[in-house]
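Data block below; observations after.
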2 protein chains.
Amino acid sequence: MSNDFRNLRKVKLFTELPTTALQLMYDSARPVQMEAGCFFFHQNERAEMMYVLLDGQVKMTLLGPEGRQVLIRIVAPCEDFGAVSAIVGSDYPLTAEAVTRCRTLAWEQKDIMRIIDSYPMLRETAFQIAVKRFRQLQKRFRELATESAEQRIARALLRLSNQAGLPKTEGMLIDLALSRGDLAEMTGTSLYTVSRTLSQWERDGLLKNGRGKVLIRDCAQLITLATPPENPPFN
Amino acid sequence: MSNDFRNLRKVKLFTELPTTALQLMYDSARPVQMEAGCFFFHQNERAEMMYVLLDGQVKMTLLGPEGRQVLIRIVAPCEDFGAVSAIVGSDYPLTAEAVTRCRTLAWEQKDIMRIIDSYPMLRETAFQIAVKRFRQLQKRFRELATESAEQRIARALLRLSNQAGLPKTEGMLIDLALSRGDLAEMTGTSLYTVSRTLSQWERDGLLKNGRGKVLIRDCAQLITLATPPENPPFN
DNA sequence: CGGTGGATTGAGCTCAATCAAGCAGCGTGG
DNA sequence: CCACGCTGCTTGATTGAGCTCAATCCACCG
(Lines give C-alpha, C1' and ligand atoms only; values in the text may rest on other atoms or scores of the structure.)
Protein backbone atom coordinates (compact mmCIF):
# COMPACT_ATOMS: atom_id res chain seq x y z
CA MET A 1 0.00 0.00 0.00
CA SER A 2 1.16 3.56 -0.59
CA ASN A 3 1.32 4.14 3.13
CA ASP A 4 4.49 2.11 3.09
CA PHE A 5 5.82 4.28 0.33
CA ARG A 6 5.23 7.38 2.39
CA ASN A 7 7.08 5.78 5.29
CA LEU A 8 10.13 5.26 3.11
CA ARG A 9 10.55 9.01 3.12
CA LYS A 10 11.13 8.89 6.85
CA VAL A 11 13.99 6.44 6.51
CA LYS A 12 17.19 8.38 7.06
CA LEU A 13 18.99 6.38 4.43
CA PHE A 14 16.55 7.67 1.81
CA THR A 15 15.87 11.24 2.88
CA GLU A 16 18.21 12.73 0.34
CA LEU A 17 16.88 10.64 -2.51
CA PRO A 18 14.80 12.29 -5.22
CA THR A 19 11.26 10.99 -5.55
CA THR A 20 11.97 9.10 -8.75
CA ALA A 21 14.72 7.16 -7.05
CA LEU A 22 12.51 6.49 -4.06
CA GLN A 23 9.90 5.12 -6.41
CA LEU A 24 12.52 2.91 -7.95
CA MET A 25 13.45 1.62 -4.53
CA TYR A 26 9.86 1.00 -3.65
CA ASP A 27 9.22 -0.90 -6.86
CA SER A 28 12.17 -3.20 -6.38
CA ALA A 29 11.38 -3.89 -2.74
CA ARG A 30 10.01 -7.15 -1.52
CA PRO A 31 7.77 -7.28 1.54
CA VAL A 32 9.05 -9.65 4.21
CA GLN A 33 7.20 -10.59 7.37
CA MET A 34 8.68 -12.24 10.38
CA GLU A 35 7.14 -13.79 13.46
CA ALA A 36 8.34 -12.86 16.92
CA GLY A 37 11.46 -14.78 17.83
CA CYS A 38 12.47 -15.46 14.23
CA PHE A 39 15.66 -14.27 12.64
CA PHE A 40 16.20 -12.04 9.65
CA PHE A 41 19.81 -13.08 9.52
CA HIS A 42 22.62 -14.34 11.70
CA GLN A 43 26.02 -12.86 12.27
CA ASN A 44 28.76 -13.91 9.83
CA GLU A 45 26.31 -14.75 7.10
CA ARG A 46 26.93 -13.13 3.76
CA ALA A 47 24.92 -9.87 3.59
CA GLU A 48 22.57 -10.50 0.70
CA MET A 49 19.63 -8.40 1.81
CA MET A 50 18.99 -5.05 3.35
CA TYR A 51 15.82 -4.26 5.27
CA VAL A 52 13.66 -1.37 6.33
CA LEU A 53 11.44 -2.02 9.31
CA LEU A 54 7.89 -0.84 8.77
CA ASP A 55 6.26 -2.24 11.82
CA GLY A 56 7.40 -4.14 14.89
CA GLN A 57 10.68 -4.33 16.73
CA VAL A 58 13.99 -5.91 15.91
CA LYS A 59 16.97 -6.43 18.15
CA MET A 60 20.49 -6.80 16.90
CA THR A 61 22.84 -8.82 19.00
CA LEU A 62 26.43 -9.95 18.99
CA LEU A 63 27.07 -13.43 20.24
CA GLY A 64 30.32 -14.47 21.85
CA PRO A 65 31.99 -17.82 21.42
CA GLU A 66 30.88 -19.03 24.83
CA GLY A 67 27.25 -18.07 24.51
CA ARG A 68 26.90 -14.77 26.31
CA GLN A 69 25.61 -12.08 24.01
CA VAL A 70 25.22 -8.33 24.01
CA LEU A 71 22.48 -6.23 22.53
CA ILE A 72 24.07 -3.68 20.27
CA ARG A 73 21.04 -2.02 18.77
CA ILE A 74 17.27 -1.91 18.82
CA VAL A 75 15.63 -1.17 15.50
CA ALA A 76 12.52 0.99 15.55
CA PRO A 77 10.06 1.39 12.66
CA CYS A 78 11.32 3.43 9.70
CA GLU A 79 14.89 2.46 10.41
CA ASP A 80 17.11 0.40 8.17
CA PHE A 81 19.04 -2.66 9.25
CA GLY A 82 21.53 -4.78 7.43
CA ALA A 83 21.91 -1.91 4.99
CA VAL A 84 25.49 -0.98 5.73
CA SER A 85 26.63 -4.57 5.41
CA ALA A 86 24.78 -5.05 2.14
CA ILE A 87 26.07 -1.83 0.65
CA VAL A 88 29.65 -2.38 1.65
CA GLY A 89 29.35 -5.98 0.53
CA SER A 90 30.52 -7.84 3.61
CA ASP A 91 29.07 -10.25 6.13
CA TYR A 92 26.53 -9.23 8.71
CA PRO A 93 28.41 -8.50 11.92
CA LEU A 94 25.28 -8.95 14.04
CA THR A 95 22.25 -11.16 14.35
CA ALA A 96 18.85 -9.56 13.70
CA GLU A 97 15.94 -11.08 15.58
CA ALA A 98 12.29 -10.07 15.48
CA VAL A 99 11.18 -9.18 19.01
CA THR A 100 7.56 -8.83 17.94
CA ARG A 101 5.85 -9.72 14.69
CA CYS A 102 7.48 -7.55 12.03
CA ARG A 103 6.63 -6.12 8.67
CA THR A 104 9.60 -5.07 6.57
CA LEU A 105 10.64 -4.15 3.09
CA ALA A 106 13.65 -6.00 1.80
CA TRP A 107 16.02 -5.55 -1.11
CA GLU A 108 18.47 -7.90 -2.71
CA GLN A 109 22.01 -6.76 -2.70
CA LYS A 110 22.35 -6.73 -6.48
CA ASP A 111 19.29 -4.51 -6.83
CA ILE A 112 20.70 -2.04 -4.36
CA MET A 113 23.98 -1.99 -6.18
CA ARG A 114 22.19 -1.20 -9.42
CA ILE A 115 20.34 1.69 -7.86
CA ILE A 116 23.46 2.97 -6.17
CA ASP A 117 25.11 3.16 -9.57
CA SER A 118 22.48 5.68 -10.56
CA TYR A 119 22.32 7.44 -7.23
CA PRO A 120 25.76 7.33 -5.61
CA MET A 121 24.61 9.61 -2.84
CA LEU A 122 22.93 6.55 -1.39
CA ARG A 123 26.29 5.09 -0.58
CA GLU A 124 27.42 8.36 0.86
CA THR A 125 24.42 8.55 3.15
CA ALA A 126 25.06 4.97 4.25
CA PHE A 127 28.61 6.03 5.07
CA GLN A 128 27.39 8.85 7.23
CA ILE A 129 24.89 6.63 9.01
CA ALA A 130 27.56 4.04 9.70
CA VAL A 131 29.89 6.68 11.09
CA LYS A 132 27.17 8.03 13.31
CA ARG A 133 26.40 4.62 14.77
CA PHE A 134 30.09 4.02 15.17
CA ARG A 135 30.36 7.09 17.34
CA GLN A 136 27.39 6.18 19.43
CA LEU A 137 29.03 2.86 20.11
CA GLN A 138 32.26 4.57 21.08
CA LYS A 139 30.35 6.53 23.67
CA ARG A 140 28.63 3.43 24.97
CA PHE A 141 32.00 1.75 25.13
CA ARG A 142 33.34 4.49 27.33
CA GLU A 143 30.30 4.35 29.54
CA LEU A 144 30.61 0.62 29.92
CA ALA A 145 34.26 0.93 30.81
CA THR A 146 34.03 3.80 33.25
CA GLU A 147 30.55 4.22 34.66
CA SER A 148 28.48 2.38 37.21
CA ALA A 149 25.71 -0.05 36.34
CA GLU A 150 23.14 2.43 37.61
CA GLN A 151 24.39 5.18 35.30
CA ARG A 152 24.40 2.87 32.32
CA ILE A 153 20.86 1.72 32.95
CA ALA A 154 19.69 5.30 33.29
CA ARG A 155 21.37 6.18 30.03
CA ALA A 156 19.86 3.20 28.26
CA LEU A 157 16.39 4.27 29.34
CA LEU A 158 17.02 7.79 28.13
CA ARG A 159 18.25 6.55 24.77
CA LEU A 160 15.26 4.28 24.36
CA SER A 161 12.88 7.00 25.40
CA ASN A 162 14.52 9.27 22.87
CA GLN A 163 14.38 6.69 20.11
CA ALA A 164 10.96 5.18 20.65
CA GLY A 165 9.29 6.90 23.57
CA LEU A 166 5.57 7.59 23.38
CA PRO A 167 4.56 10.80 25.16
CA LYS A 168 1.75 10.16 27.64
CA THR A 169 0.04 12.45 30.07
CA GLU A 170 1.92 10.85 32.94
CA GLY A 171 5.31 10.75 31.22
CA MET A 172 7.28 9.00 28.52
CA LEU A 173 6.24 5.44 27.82
CA ILE A 174 8.81 2.97 26.53
CA ASP A 175 6.72 0.18 25.15
CA LEU A 176 9.26 -1.85 23.31
CA ALA A 177 8.86 -5.48 24.18
CA LEU A 178 12.02 -5.33 26.22
CA SER A 179 12.60 -7.82 28.96
CA ARG A 180 14.86 -7.07 31.91
CA GLY A 181 17.27 -9.46 30.33
CA ASP A 182 17.40 -7.41 27.14
CA LEU A 183 18.07 -4.30 29.15
CA ALA A 184 20.85 -6.16 30.91
CA GLU A 185 22.38 -7.14 27.59
CA MET A 186 22.28 -3.53 26.46
CA THR A 187 24.01 -2.22 29.53
CA GLY A 188 26.45 -5.00 30.29
CA THR A 189 24.88 -5.90 33.58
CA SER A 190 22.76 -8.76 34.85
CA LEU A 191 19.02 -9.08 34.70
CA TYR A 192 18.96 -8.96 38.50
CA THR A 193 20.75 -5.68 38.71
CA VAL A 194 18.37 -4.14 36.18
CA SER A 195 15.38 -5.38 38.13
CA ARG A 196 16.69 -4.09 41.44
CA THR A 197 17.59 -0.73 40.00
CA LEU A 198 14.25 -0.20 38.30
CA SER A 199 12.39 -1.30 41.43
CA GLN A 200 14.35 1.19 43.47
CA TRP A 201 13.53 3.95 41.01
CA GLU A 202 9.90 3.00 41.09
CA ARG A 203 9.98 3.28 44.88
CA ASP A 204 11.54 6.72 44.41
CA GLY A 205 8.61 7.57 42.18
CA LEU A 206 10.57 8.49 39.09
CA LEU A 207 9.15 5.74 36.90
CA LYS A 208 6.57 2.99 36.73
CA ASN A 209 7.45 -0.57 35.77
CA GLY A 210 5.42 -2.93 33.69
CA ARG A 211 6.02 -6.24 32.01
CA GLY A 212 8.27 -5.40 29.09
CA LYS A 213 7.68 -1.69 29.39
CA VAL A 214 8.63 1.31 31.47
CA LEU A 215 6.85 4.59 32.07
CA ILE A 216 9.26 7.40 32.81
CA ARG A 217 7.74 9.99 35.13
CA ASP A 218 10.70 12.13 36.06
CA CYS A 219 13.02 12.43 33.10
CA ALA A 220 15.12 15.21 34.61
CA GLN A 221 15.92 13.11 37.65
CA LEU A 222 16.97 10.27 35.39
CA ILE A 223 19.36 12.55 33.59
CA THR A 224 21.06 13.55 36.80
CA LEU A 225 21.42 9.88 37.64
CA ALA A 226 22.95 9.19 34.25
CA THR A 227 25.52 11.94 34.64
CA PRO A 228 28.10 11.36 37.31
CA PRO A 229 28.00 13.62 40.36
CA GLU A 230 28.90 17.20 39.63
CA ASN A 231 29.34 18.49 36.10
CA PRO A 232 26.45 19.71 34.00
CA PRO A 233 24.67 17.22 31.73
CA PHE A 234 24.77 16.48 28.06
CA ASN A 235 26.50 14.23 25.69
CA MET B 1 62.10 12.22 0.95
CA SER B 2 60.83 9.57 -1.40
CA ASN B 3 60.96 7.02 1.38
CA ASP B 4 57.87 8.67 2.74
CA PHE B 5 56.25 8.38 -0.63
CA ARG B 6 56.91 4.69 -0.71
CA ASN B 7 55.34 4.34 2.72
CA LEU B 8 52.16 5.94 1.45
CA ARG B 9 51.63 2.80 -0.60
CA LYS B 10 51.37 0.81 2.60
CA VAL B 11 48.55 2.97 3.91
CA LYS B 12 45.36 0.96 3.55
CA LEU B 13 43.40 4.04 2.66
CA PHE B 14 45.58 4.52 -0.42
CA THR B 15 46.26 0.98 -1.60
CA GLU B 16 43.67 1.14 -4.35
CA LEU B 17 44.84 4.49 -5.63
CA PRO B 18 46.66 4.69 -8.96
CA THR B 19 50.19 6.03 -8.78
CA THR B 20 49.29 9.36 -10.31
CA ALA B 21 46.72 9.96 -7.59
CA LEU B 22 49.18 8.89 -4.95
CA GLN B 23 51.65 11.38 -6.33
CA LEU B 24 48.96 14.02 -6.15
CA MET B 25 48.33 13.15 -2.52
CA TYR B 26 52.01 13.26 -1.75
CA ASP B 27 52.44 16.63 -3.39
CA SER B 28 49.59 18.21 -1.48
CA ALA B 29 50.68 16.76 1.85
CA ARG B 30 52.23 18.82 4.57
CA PRO B 31 54.72 17.22 6.98
CA VAL B 32 53.71 17.67 10.61
CA GLN B 33 55.84 16.74 13.59
CA MET B 34 54.63 16.38 17.12
CA GLU B 35 56.47 15.97 20.39
CA ALA B 36 55.50 13.25 22.82
CA GLY B 37 52.52 14.25 24.91
CA CYS B 38 51.26 16.83 22.40
CA PHE B 39 47.91 16.65 20.68
CA PHE B 40 47.08 16.48 17.01
CA PHE B 41 43.49 17.32 17.78
CA HIS B 42 40.90 17.07 20.50
CA GLN B 43 37.52 15.45 20.41
CA ASN B 44 34.63 17.63 19.24
CA GLU B 45 36.88 19.90 17.25
CA ARG B 46 35.96 20.41 13.63
CA ALA B 47 37.85 17.85 11.50
CA GLU B 48 39.98 20.05 9.29
CA MET B 49 42.92 17.75 8.78
CA MET B 50 43.63 14.13 8.13
CA TYR B 51 46.91 12.47 9.00
CA VAL B 52 49.06 9.54 8.11
CA LEU B 53 51.53 8.45 10.75
CA LEU B 54 54.99 7.85 9.36
CA ASP B 55 56.92 7.35 12.54
CA GLY B 56 56.07 7.17 16.21
CA GLN B 57 52.94 6.22 18.09
CA VAL B 58 49.62 7.94 18.57
CA LYS B 59 46.84 7.04 20.96
CA MET B 60 43.24 7.98 20.41
CA THR B 61 41.10 8.43 23.47
CA LEU B 62 37.56 9.30 24.36
CA LEU B 63 37.11 11.49 27.40
CA GLY B 64 34.02 11.37 29.55
CA PRO B 65 32.40 14.35 31.22
CA GLU B 66 33.80 13.41 34.62
CA GLY B 67 37.38 12.93 33.55
CA ARG B 68 37.78 9.17 33.14
CA GLN B 69 38.81 8.27 29.63
CA VAL B 70 39.12 5.16 27.51
CA LEU B 71 41.70 4.32 24.91
CA ILE B 72 39.86 3.42 21.73
CA ARG B 73 42.71 2.97 19.34
CA ILE B 74 46.47 2.90 19.00
CA VAL B 75 47.83 4.20 15.72
CA ALA B 76 50.87 2.43 14.30
CA PRO B 77 53.09 3.78 11.49
CA CYS B 78 51.53 3.72 8.01
CA GLU B 79 48.05 4.05 9.43
CA ASP B 80 45.72 6.96 8.91
CA PHE B 81 43.99 8.85 11.66
CA GLY B 82 41.39 11.57 11.56
CA ALA B 83 40.75 10.55 7.97
CA VAL B 84 37.21 9.28 8.34
CA SER B 85 36.16 12.42 10.18
CA ALA B 86 37.74 14.69 7.61
CA ILE B 87 36.25 12.83 4.67
CA VAL B 88 32.79 12.65 6.12
CA GLY B 89 33.08 16.26 7.17
CA SER B 90 32.23 16.04 10.84
CA ASP B 91 33.92 16.65 14.16
CA TYR B 92 36.64 14.43 15.52
CA PRO B 93 35.01 12.00 17.91
CA LEU B 94 38.30 11.25 19.65
CA THR B 95 41.41 12.98 20.88
CA ALA B 96 44.69 12.09 19.18
CA GLU B 97 47.78 12.35 21.34
CA ALA B 98 51.38 11.65 20.40
CA VAL B 99 52.76 8.97 22.71
CA THR B 100 56.26 9.35 21.34
CA ARG B 101 57.72 11.93 19.03
CA CYS B 102 55.85 11.60 15.76
CA ARG B 103 56.38 12.32 12.12
CA THR B 104 53.23 12.56 10.04
CA LEU B 105 51.91 13.72 6.73
CA ALA B 106 48.84 15.92 6.96
CA TRP B 107 46.22 17.12 4.50
CA GLU B 108 43.75 19.91 4.68
CA GLN B 109 40.16 18.86 4.35
CA LYS B 110 39.53 20.96 1.25
CA ASP B 111 42.49 19.39 -0.52
CA ILE B 112 41.22 15.92 0.26
CA MET B 113 37.80 16.82 -1.04
CA ARG B 114 39.31 18.04 -4.27
CA ILE B 115 41.22 14.80 -4.74
CA ILE B 116 38.19 12.72 -3.83
CA ASP B 117 36.27 14.44 -6.61
CA SER B 118 38.77 12.97 -9.04
CA TYR B 119 39.15 9.65 -7.27
CA PRO B 120 35.84 8.74 -5.61
CA MET B 121 37.14 5.34 -4.70
CA LEU B 122 39.02 7.09 -1.95
CA ARG B 123 35.76 7.77 -0.17
CA GLU B 124 34.68 4.22 -0.72
CA THR B 125 37.84 2.86 0.82
CA ALA B 126 37.38 5.19 3.75
CA PHE B 127 33.89 3.78 4.14
CA GLN B 128 35.21 0.25 4.25
CA ILE B 129 37.88 1.16 6.76
CA ALA B 130 35.34 2.84 8.99
CA VAL B 131 33.05 -0.18 8.86
CA LYS B 132 35.91 -2.48 9.70
CA ARG B 133 36.87 -0.45 12.75
CA PHE B 134 33.25 -0.28 13.73
CA ARG B 135 33.08 -4.02 13.83
CA GLN B 136 36.22 -4.36 15.83
CA LEU B 137 34.73 -2.01 18.36
CA GLN B 138 31.54 -4.06 18.49
CA LYS B 139 33.62 -7.08 19.37
CA ARG B 140 35.50 -5.20 22.04
CA PHE B 141 32.20 -3.98 23.38
CA ARG B 142 30.98 -7.51 23.78
CA GLU B 143 34.20 -8.54 25.44
CA LEU B 144 34.00 -5.67 27.85
CA ALA B 145 30.42 -6.51 28.72
CA THR B 146 30.78 -10.24 29.12
CA GLU B 147 34.35 -11.27 29.79
CA SER B 148 36.66 -11.10 32.76
CA ALA B 149 39.42 -8.55 33.17
CA GLU B 150 42.01 -11.25 32.64
CA GLN B 151 40.52 -12.30 29.32
CA ARG B 152 40.32 -8.72 28.11
CA ILE B 153 43.92 -8.04 28.99
CA ALA B 154 45.02 -11.19 27.20
CA ARG B 155 43.08 -10.14 24.14
CA ALA B 156 44.51 -6.64 24.20
CA LEU B 157 48.02 -8.06 24.23
CA LEU B 158 47.21 -10.34 21.33
CA ARG B 159 45.77 -7.45 19.33
CA LEU B 160 48.77 -5.29 20.01
CA SER B 161 51.14 -8.08 19.16
CA ASN B 162 49.27 -8.59 15.95
CA GLN B 163 49.25 -4.90 15.08
CA ALA B 164 52.73 -3.88 16.09
CA GLY B 165 54.56 -6.91 17.41
CA LEU B 166 58.24 -7.35 16.58
CA PRO B 167 59.28 -10.97 16.19
CA LYS B 168 62.29 -11.79 18.36
CA THR B 169 64.12 -14.99 18.99
CA GLU B 170 62.51 -15.28 22.41
CA GLY B 171 59.01 -14.30 21.33
CA MET B 172 56.89 -11.39 20.22
CA LEU B 173 57.97 -8.00 21.50
CA ILE B 174 55.38 -5.29 21.99
CA ASP B 175 57.44 -2.16 22.22
CA LEU B 176 54.81 0.50 22.04
CA ALA B 177 55.38 3.08 24.74
CA LEU B 178 52.39 1.76 26.63
CA SER B 179 52.10 2.33 30.32
CA ARG B 180 50.07 0.00 32.52
CA GLY B 181 47.57 2.83 32.74
CA ASP B 182 47.16 2.87 28.97
CA LEU B 183 46.57 -0.86 28.96
CA ALA B 184 43.97 -0.35 31.66
CA GLU B 185 42.21 2.27 29.59
CA MET B 186 42.13 -0.10 26.64
CA THR B 187 40.61 -2.93 28.60
CA GLY B 188 38.31 -1.08 30.94
CA THR B 189 40.19 -2.12 34.06
CA SER B 190 42.47 -0.38 36.52
CA LEU B 191 46.19 0.02 36.24
CA TYR B 192 46.56 -2.15 39.32
CA THR B 193 44.69 -5.05 37.86
CA VAL B 194 46.82 -4.89 34.73
CA SER B 195 49.99 -4.87 36.78
CA ARG B 196 48.91 -7.79 38.94
CA THR B 197 47.80 -9.82 35.96
CA LEU B 198 50.98 -9.26 33.99
CA SER B 199 53.09 -10.03 37.03
CA GLN B 200 51.25 -13.27 37.52
CA TRP B 201 51.77 -14.19 33.89
CA GLU B 202 55.44 -13.40 34.17
CA ARG B 203 55.62 -15.71 37.18
CA ASP B 204 53.93 -18.34 35.02
CA GLY B 205 56.65 -17.77 32.45
CA LEU B 206 54.46 -16.85 29.55
CA LEU B 207 55.76 -13.34 29.11
CA LYS B 208 58.40 -10.90 30.26
CA ASN B 209 57.56 -7.43 31.49
CA GLY B 210 59.50 -4.29 30.90
CA ARG B 211 58.84 -0.64 31.39
CA GLY B 212 56.34 0.27 28.70
CA LYS B 213 56.85 -2.98 26.84
CA VAL B 214 56.00 -6.64 27.00
CA LEU B 215 57.71 -9.67 25.54
CA ILE B 216 55.30 -12.47 24.81
CA ARG B 217 56.94 -15.86 25.19
CA ASP B 218 53.99 -18.23 25.02
CA CYS B 219 51.45 -16.90 22.58
CA ALA B 220 49.40 -20.09 22.48
CA GLN B 221 48.89 -20.03 26.22
CA LEU B 222 47.76 -16.42 26.00
CA ILE B 223 45.16 -17.37 23.42
CA THR B 224 43.69 -20.01 25.67
CA LEU B 225 43.49 -17.43 28.43
CA ALA B 226 41.72 -15.03 26.10
CA THR B 227 39.11 -17.59 25.15
CA PRO B 228 36.75 -18.48 27.95
CA PRO B 229 37.18 -21.83 29.64
CA GLU B 230 35.92 -24.69 27.54
CA ASN B 231 32.86 -25.95 29.27
CA PRO B 232 31.82 -29.25 27.76
CA PRO B 233 28.30 -29.76 29.09
CA PHE B 234 28.68 -33.51 28.58
CA ASN B 235 28.32 -35.53 31.73
C1' DC C 1 73.91 9.46 42.20
C1' DG C 2 69.66 11.36 43.53
C1' DG C 3 65.16 12.24 41.62
C1' DT C 4 60.96 11.26 39.19
C1' DG C 5 57.46 8.76 37.39
C1' DG C 6 56.13 4.21 36.27
C1' DA C 7 55.41 -0.41 38.37
C1' DT C 8 54.50 -3.58 42.10
C1' DT C 9 52.22 -5.37 45.95
C1' DG C 10 49.33 -5.72 50.16
C1' DA C 11 44.94 -4.75 52.72
C1' DG C 12 40.37 -3.54 52.77
C1' DC C 13 36.18 -2.79 50.78
C1' DT C 14 32.39 -2.24 47.40
C1' DC C 15 29.68 -3.14 43.74
C1' DA C 16 27.36 -6.13 41.20
C1' DA C 17 27.13 -11.22 39.70
C1' DT C 18 25.27 -15.36 41.14
C1' DC C 19 22.29 -18.55 43.46
C1' DA C 20 17.87 -19.62 45.18
C1' DA C 21 13.19 -18.99 46.19
C1' DG C 22 8.99 -16.92 45.65
C1' DC C 23 5.65 -13.85 43.15
C1' DA C 24 2.68 -11.98 39.45
C1' DG C 25 0.75 -11.34 34.98
C1' DC C 26 -1.05 -13.78 31.06
C1' DG C 27 -2.54 -17.26 27.95
C1' DT C 28 -4.49 -21.90 27.62
C1' DG C 29 -7.26 -25.68 28.16
C1' DG C 30 -10.37 -28.20 30.82
C1' DC D 1 -14.44 -19.30 34.43
C1' DC D 2 -11.08 -20.92 37.03
C1' DA D 3 -6.91 -23.66 37.57
C1' DC D 4 -2.82 -24.27 35.82
C1' DG D 5 1.56 -23.50 33.97
C1' DC D 6 4.68 -20.70 31.68
C1' DT D 7 7.46 -16.98 31.63
C1' DG D 8 9.13 -12.91 33.26
C1' DC D 9 9.86 -10.22 37.43
C1' DT D 10 11.26 -9.41 42.23
C1' DT D 11 13.96 -9.94 46.23
C1' DG D 12 17.12 -11.79 49.83
C1' DA D 13 21.58 -13.89 50.87
C1' DT D 14 26.05 -14.76 49.63
C1' DT D 15 30.24 -14.37 47.23
C1' DG D 16 34.04 -12.81 44.78
C1' DA D 17 36.32 -10.09 41.22
C1' DG D 18 38.35 -6.17 40.83
C1' DC D 19 38.66 -1.15 42.49
C1' DT D 20 40.82 1.89 45.70
C1' DC D 21 44.23 3.54 48.82
C1' DA D 22 48.76 3.46 50.43
C1' DA D 23 53.27 2.13 50.80
C1' DT D 24 57.25 0.79 48.50
C1' DC D 25 60.16 -0.48 44.75
C1' DC D 26 62.75 0.12 40.69
C1' DA D 27 64.28 1.78 35.99
C1' DC D 28 65.91 5.29 33.71
C1' DC D 29 66.83 10.31 33.38
C1' DG D 30 69.63 14.12 34.01
Among the residues of the range A:135-155, which ones have their accessible area go down by 50 Å² or more when all the protein chains sit together, as opposed to their chain alone (1.4 Å probe)? A:135, A:137, A:138, A:141, A:142, A:144, A:145, A:146
Looking only at the range B:129-152, which residues have a backbone nitrogen under 20 Å from a spot 7 Å from the Cα of residue A:192 in the C-beta direction? B:145-149
Return one whole number: the accessible area per residue of chain A in Å², for a 1.4 Å probe. 47 Å²
Amide H to amide H, which residues 5 or more places from residue A:101 or on other chains are under 5 Å from it, using H placed in the peptide plane? A:36
Just read off the accessible area of residue B:121 with the full protein assembly in place, 1.4 Å probe, to the nearest 10 Å². 80 Å²
Label position 7 Å from Cα toward Cβ: report the copy-to-copy distances for residue A:68 in nm, one decimal, ordered from shortest. 1.7
In whole percent, how big is the carbon plus sulfur part of the accessible area of the range B:147-226, probe 1.4 Å, protein atoms only? 50 percent
Below 8 Å between Cα atoms, with a sequence gap of 6+, how large is the relative contact order for chain B in percent? 18 percent
In the range A:62-108, which residues give up 40 Å² or more of accessible area once the other protein chains are added, compared with their chain alone (1.4 Å probe)? A:62, A:65, A:66, A:68, A:70, A:88, A:93
If I take every Cα pair under 8 Å that is 6 or more residues apart in the range A:147-226, average their sequence separation and divide by the length, what percent do I get for the relative contact order? 36 percent
With the label 7 angstrom out along Cα to Cβ, how close does residue B:19 come to the same site in each of the other copies, in nm, nearest first? 5.2
Please go through the range B:111-197 and write out the GluC sites (Glu not before Pro) that DSSP classes as loop and that have at most 16 other C-beta atoms within 10 Å. B:170
Can you list the distances in nanometres, one decimal and ascending, from the residue A:179 label point to the identical position in each other copy, with the point 7 Å along Cα to Cβ? 4.5
Separation of alpha-carbon centers, the range B:1-80 and the range A:6-69, rounded to whole Å: 35 Å
Could you give me the ³J(HN,Hα) list for the range A:218-224, computed from phi with Karplus coefficients 6.51, -1.76, 1.60 and θ = phi - 60°, whole Hz, x at Gly and Pro? 10, 5, 4, 4, 4, 5, 5
Which entries of A:168/B:139; A:132/A:208; A:110/B:132 show an alpha-carbon separation above 26 angstrom in the structure shown? A:168/B:139; A:132/A:208
Cβ-derived FRET efficiency at R0 60 Å, residue B:5 paired with residue A:218, nearest 0.05: 0.50
Quick one: which residues, 5 or more positions from residue B:45 or on another chain, have an amide H under 5 Å from its amide H? H modelled 1.01 Å from N in the peptide plane, none for Pro or chain starts. B:92
Could you compute how much accessible area chains B and A hide from each other, both sides summed, with a 1.4 Å probe? Nearest 100 Å² is fine. 3800 Å²
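The values are calculated or read from the model by the stated rules, or taken from the named source; none is laboratory data. All figures in this text were calculated on a predicted structure; none of them were measured in a lab. Glycine also receives a Cβ, built like all others from the backbone with ideal geometry; neighbour counts cover every protein chain displayed. These accessible areas exclude ligands, DNA and RNA; they are computed on the full protein's heavy atoms, side chains included. Shrake-Rupley method; radii C 1.70, N 1.55, O 1.52, S 1.80 Å.
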